[in-house]
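S.K.: First the structure, then my questions, so here it is.
What follows draws every value from the coordinates through simple rules; no lab data is involved. Note that the structure is a prediction, hence the values are computed from the model and not measured. All Cβ positions, even for glycine, are placed from backbone atoms using ideal geometry, and neighbour counts span all protein chains on display.
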Amino acid sequence: MYSVDATDNCGSVTRRRVSGPASSSFMGVGSDIVMYSAHDLSGNNATCSFSIIVRDMEPPQITCASSMTLPTDVGVCGRVVTYTAATVSDNCPGPQSQLSSGANTVSGSSFSVGPTSVSFSANDTAGQVSSCSFMVTILDQELPTLICPADIVAGSDAGACNTQVSFGAVSSTDNCQQTQVSQILGGVNNSVFTVGSSLIRYRSLDTSGNAQTCNFTVTVRDVQLPTISCPASISVNALTGQCVAPVSFVAPVGLDNCVGSSTSLTAGLPSGSSFGV
Ligand SMILES: [Ca+2]
Ligand SMILES: [Ca+2]
Ligand SMILES: [Ca+2]
Ligand SMILES: [Ca+2]
């Protein structure tokens, strides 16, 4: 809205808008010149002009997609992510959203494990800029693979209730790098295992803390027979007037490479018994 005044030395003056928009009329962004003329009763006239500039002072409105957290694609340390580009509105036509973060954040590209910021911006014709951003977070939730050796069966060493056992390497892979493999249970490789069965367990950890375990057993068998020596055969005479005789002998005790062996009488009478003729 504007007003134009005109005065004269004699009587009334008539005003006329020669060009340009009228006061209170709608005017788009840009500039225009308004010209008026004034006419007195004697036919003299004068003109004046002024310019009107309408500026866009309103920055664009821009809205980004919501932040997202997604697992990695199977077997790879990243994920192909698609998302909706930011939407823009403005009081004036023209602005469109433009990706302002790196080329590796284009929708449909492969995002690395971890958080990545994706930013969009929009410029209106008046040079005003608005921007928004959201996070794409990729989580490695895929467990490492871990392969243990097959179960091992070994015989005890001669004269010992154990043996040294070597086992093959454990192999591990992960969709991401730097897998850490460690043994968490059982005797170590190349150590001496006693007769019996031992559980060996390994664990593989990826850099995101996903754990995989595998097991195998080491069984050492006692392959050595016990030894036992019996006394020499004994010959005694029957007691006078009887057909028997008491006989004592040192009961044999067996020996074995492993502790816990026992010796038992399996036939005949124990020492001190009365033996018949
Ligand atoms: Ca005049
Ligand atoms: Ca604007
Ligand atoms: Ca993994
Ligand atoms: Ca034995």
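S.K.: Mind telling me which of S24, S66, S198 comes out most flexible in a GNM of the chain, alpha-carbon contacts under 10 Å?
M.R.: Maximum among the listed residues: S24.
S.K.: Among A211, F193, A251, whose Cα sits farthest toward the positive end of the charge dipole of segment 135-277 (+1 at Cβ of Lys/Arg, -1 at Cβ of Asp/Glu, about the Cα centre)?
M.R.: A251
S.K.: State the extension gain, in nm to one decimal, for the chain segment bounded by D32 and A46, taking 0.36 nm per residue of separation less the distance between their alpha-carbons. Walk me through the intermediate numbers first.
M.R.: Values: separation 14, 0.36 × 14 = 5.04 nm, distance 2.03 nm.
Length gained, D32 through A46: 3.0 nm.
S.K.: Efficiency by 1/(1 + (r/R0)^6): what FRET value for S133 and V259, r their Cβ-Cβ distance, R0 = 51 Å, to the nearest 0.05?
M.R.: Numbers: r = 72 Å, r/R0 = 1.41.
For S133 and V259, the calculated efficiency is 0.10.
S.K.: Continuing with this model, one more query. Could you tell me whether segment 145-221 comes out rounded, prolate or oblate from its Cα gyration tensor? Rule is a ≥ b ≥ c as square roots of the eigenvalues, rounded for a/c under 1.5, then prolate if a/b exceeds b/c, otherwise oblate. Please report the intermediate quantities before stating the final value.
M.R.: Values: a/c = 3.26, a/b = 3.17, b/c = 1.03.
Verdict is prolate for segment 145-221.
S.K.: Radius of gyration and Dmax for the chain's Cα atoms, expressed in Å?
M.R.: 50.9, 186
S.K.: Here's another thing I want to ask about it. Using a Förster radius of 45 Å, what is the FRET efficiency between V18 and S107 based on their Cβ-Cβ separation? Nearest 0.05, please. Show your work: numbers first, answer last.
M.R.: Details: r = 55 Å, r/R0 = 1.22.
My answer for the efficiency is 0.25.
S.K.: For segment 99-111, take each phi angle, set θ = phi - 60°, evaluate the Karplus expression 6.51 cos²θ - 1.76 cosθ + 1.60, and give the result in whole Hz per residue in order, putting x for glycine and proline.
M.R.: 5, 10, 8, x, 4, 6, 10, 4, 4, x, 8, 8, 9
S.K.: Whose amide H sits under 5 Å from the amide H of I138, counting only residues 5 or more places off or on another chain, with H placed in the peptide plane?
M.R.: L70, G114, T116
S.K.: Rank the residues Y36, Y2 as a footprinting-exposure proxy: fewest other Cβ atoms within 10 Å of their Cβ go first. Write down the numbers at each step before the final one.
M.R.: Values: Y36 19, Y2 12.
Starting with the residue having the fewest Cβ neighbours, the order is Y2, Y36.
S.K.: To make sure I understand, if each residue's beta carbon is the centre and we count other beta carbons within 10 Å, what order do E58, E142 fall in, fewest to most? Mind dumping the intermediate values first?
M.R.: Details: E58 12, E142 20.
Fewest-to-most ranking of E58, E142: E58, E142.
S.K.: Net charge within 15 Å of A160 by Cβ-Cβ distance, Lys/Arg positive one each and Asp/Glu negative one each, not counting A160 itself? Display every interim value, and only then the final one.
M.R.: On the way: positive: R221; negative: D157, D222, D256.
In short, -2.
S.K.: Obtain the nm distance between the two label points defined at V244 and V54 by a simple spin-label model: each point lies 7 Å from its Cα along the Cα-to-C-beta direction.
M.R.: 13.6
S.K.: Please list, ordered by chain and number, the residues whose modelled amide H lies under 5 Å from the amide H of D151; skip anything fewer than 5 residues away on the same chain.
M.R.: Those qualifying (amide H under 5 Å, at least 5 residues apart or on another chain) are T217.
S.K.: By residue number, which cysteines of the chain lack any other Cys whose Cβ falls under 4.7 Å from their Cβ?
M.R.: C10, C48, C92, C230, C243
S.K.: Taking K and R as +1 and D and E as -1, what net charge do the other residues with C-beta under 15 Å from the C-beta of A126 add up to?
M.R.: Value of the local net charge: -3.
S.K.: In addition: Starting from 0.36 nm per residue, how many nanometres of slack lie between L185 and S273 once their C-alpha separation is accounted for? Intermediate results must be reported in sequence, preceding the final value.
M.R.: Working: separation 88, 0.36 × 88 = 31.68 nm, distance 5.36 nm.
Gain on stretching L185 to S273: 26.3 nm.
S.K.: While we're here: Just from the alpha-carbon atoms, what are the Rg and Dmax of segment 1-48 in angstroms?
M.R.: 12.7, 40
S.K.: Okay, moving on. Compute the semi-axes of the equivalent ellipsoid of segment 226-277, taking the square root of 5 times each eigenvalue of the Cα gyration tensor, and list them largest first in whole Å. Kindly include the intermediate steps, with their values, before the conclusion.
M.R.: Values: eigenvalues 174, 19, 10 Å².
For segment 226-277, the semi-axes come out at 29, 10, 7 Å.
S.K.: Just L239, L185, L139 to compare: in a GNM of the chain, with alpha carbon springs under 10 Å, which one fluctuates most?
M.R.: Of L239, L185, L139, the most mobile in the Gaussian network model is L239.
S.K.: Follow-up. Which of these, A160, A38, A169, has the largest mean-square fluctuation under a Gaussian network model of the chain (Cα springs below 10 Å)?
M.R.: Fluctuation is largest for A38.
S.K.: Further, regarding this structure: Could you tell me the calculated FRET efficiency between S3 and N91, based on Cβ-Cβ distance and R0 = 30 angstrom, to the nearest 0.05? Present the calculation step by step, with values, prior to reporting the outcome.
M.R.: Working: r = 27 Å, r/R0 = 0.89.
Working from the Cβ atoms, E equals 0.65.
S.K.: Okay, moving on. How would you rank R79, R55, going from fewest to most other Cβ atoms within 10 Å of each one's own Cβ? List each step's numbers first, then the result.
M.R.: Details: R79 19, R55 9.
Result, fewest neighbours first: R55, R79.
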